[in-house]
Amino acid sequence: MTKQVNILEIDQVVKQYGRKKALDQVSIKVQEGTCFGLLGPNGAGKSSLMKIISGIIRSDQGTVRVAGMDVRKQMNAIRRLVGYVPQDITLYDKLSGRQNLTFFGKMYGVRGAELKQRMSELLEQVGLTERADDPLGSYSGGMKRRINIIAAMLHQPKLLILDEPTVGIDPQSRNHIFEMIRILRQQGMSIVYSTHYMEEVEALCDDVAIIDHGKVAAQDSLHRLLDHYAVQAVYVEAEGLTKAPVAMGIKEARQEGRGWLLESSDSVATLQHVAQHLSEQGSAVQALQLMKPSLESVFLKLTGTKLRD
């Protein structure tokens, strides 16, 4: 059995700005070769944590280790292993995409033929080869974000940190970014993916930490979180169904759209009972289905609130 190695270990990290505690005893472990999702609303402390891992700011308490090295004592060595993509685009509009990448590549110590090859490979991956020599100011927001991401990958980091990489971008750019992350994951790169979009975590991540108000509410594999916390439910629409149907196992019923969402301790049994009840009533069924467990219901159960924008 292969021993699991942690590329990132965060232990009891605290960060305070004045009276506001942005991070409160945060502990997280990220296994090597996985895509780890940090899910939480804006203002939850995600960006502060990303900056601490990257050495941009320091924590007030706690320790952070990357590949076994302490960020307080060995940051120069760690910087060669980490690629950090901030939430804000940090590029120069008057330079071309290629010129921006050349600048950041040299900042990471990549030069000459190696830099040219890396730029060529990465531009191809994100679909921007033909636009590489155009001024960045002529790019869409999504194109700029793609360049922003590959600028952090020129030195082939072991750990890639992505802070809200798809905010405000077009669907085409989002698809390019998703495909790149999947390829990097298959190649064995370790990724920390910070977002407030639950569907992105569900699509990309192996493991997840849910963070709210600076605290980690839960951390586990995506599948175990869904199995343990997600609500089982049945959705039903039927002609004349003005009240929630009565069926075995229903914990809560609420109107949703044109039908009813029935939370249940046994969704399969509930679906069968609802189907039988509607058949006996002679009601024409428009929809009757098991609902896929979602991180939205997990977040609601753990925090008592919906994921805020």
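The values are calculated or read from the model by the stated rules, or taken from the named source; none is laboratory data. Please read these numbers as outputs of a predicted model, since none were measured by experiment. When we count neighbours, we look across all protein chains shown, and the Cβ atoms used for this are built from the backbone with ideal geometry, even at glycine. Ligands, DNA and RNA are stripped out before the accessible areas are found, and what is left, the full protein with its side chains, is counted by its heavy atoms. Shrake-Rupley method; radii C 1.70, N 1.55, O 1.52, S 1.80 Å.
Of the listed requirements (1) free of Cβ contacts under 8 Å to residues at least 24 places away in the same chain; (2) under 16 Å from ILE150 (Cα atoms); (3) under 23 Å from the mean Cα position of the chain (by Cα), VAL85 misses just one: (1). Of the residues making up segment 140-154, those that are more than 8 Å from GLY83 (Cα to Cα) and part of a loop (DSSP other than H, G, I, E, B) are SER140, LEU154.
To keep it simple, each residue is scored yes or no on (1) within 23 Å of ILE181 (Cβ to Cβ); (2) at pLDDT 95 or above; (3) in contact with a Phe, Trp or Tyr (Cβ under 9 Å, 6 or more places away or on another chain).
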| residue | (1), (2), (3) |
| --- | --- |
| SER54 | yes, no, yes |
| GLY68 | no, no, no |
| ARG80 | yes, no, yes |
| VAL85 | yes, no, no |
| PHE104 | yes, no, no |
| GLY109 | no, no, no |
| LEU122 | yes, no, no |
| ASP133 | no, yes, no |
| LYS144 | yes, no, no |
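Scanning segment 92-102 turns up no residue that is among the polar types (S, T, N, Q), surrounded by 15 or more Cβ atoms within 10 Å (Cβ to Cβ) and within 25 Å of the chain's Cα centre (by Cα).
So that you can scan it fast, the table gives a plain yes or no per residue for (1) under 30 Å from CYS205 (Cα atoms); (2) touching a residue at least 60 places away in the same chain (Cβ under 8 Å); (3) over 33 Å from the mean Cα position of the chain (by Cα):
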site	(1), (2), (3)
ALA238	no, no, yes
ALA244	no, no, yes
GLN255	no, no, no
ALA269	no, no, yes
GLU280	no, no, yes
THR303	yes, yes, no
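Scanning segment 50-90 for residues that are crowded, with 20+ Cβ neighbours inside 10 Å and within 25 Å of LEU136 (Cα to Cα) yields VAL82, GLY83, TYR84, VAL85.
When residues in segment 245-278 are screened for being part of a helix (DSSP H, G or I), open to solvent by less than 30 Å² (accessible area, probe 1.4 Å) and farther than 20 Å from VAL298 by Cα, 4 of them pass. No other residue among ILE169, ILE181 is in contact with a Cys (Cβ under 7 Å, 6 or more places away or on another chain) and among the β-branched types (Val, Ile, Thr) apart from ILE181. Scanning segment 279-304 for residues that are under 29 Å from HIS213 (Cα atoms), open to solvent by 50 Å² or more (accessible area, probe 1.4 Å) and assigned to a loop (DSSP other than H, G, I, E, B) gives LYS292, PRO293, GLY304.
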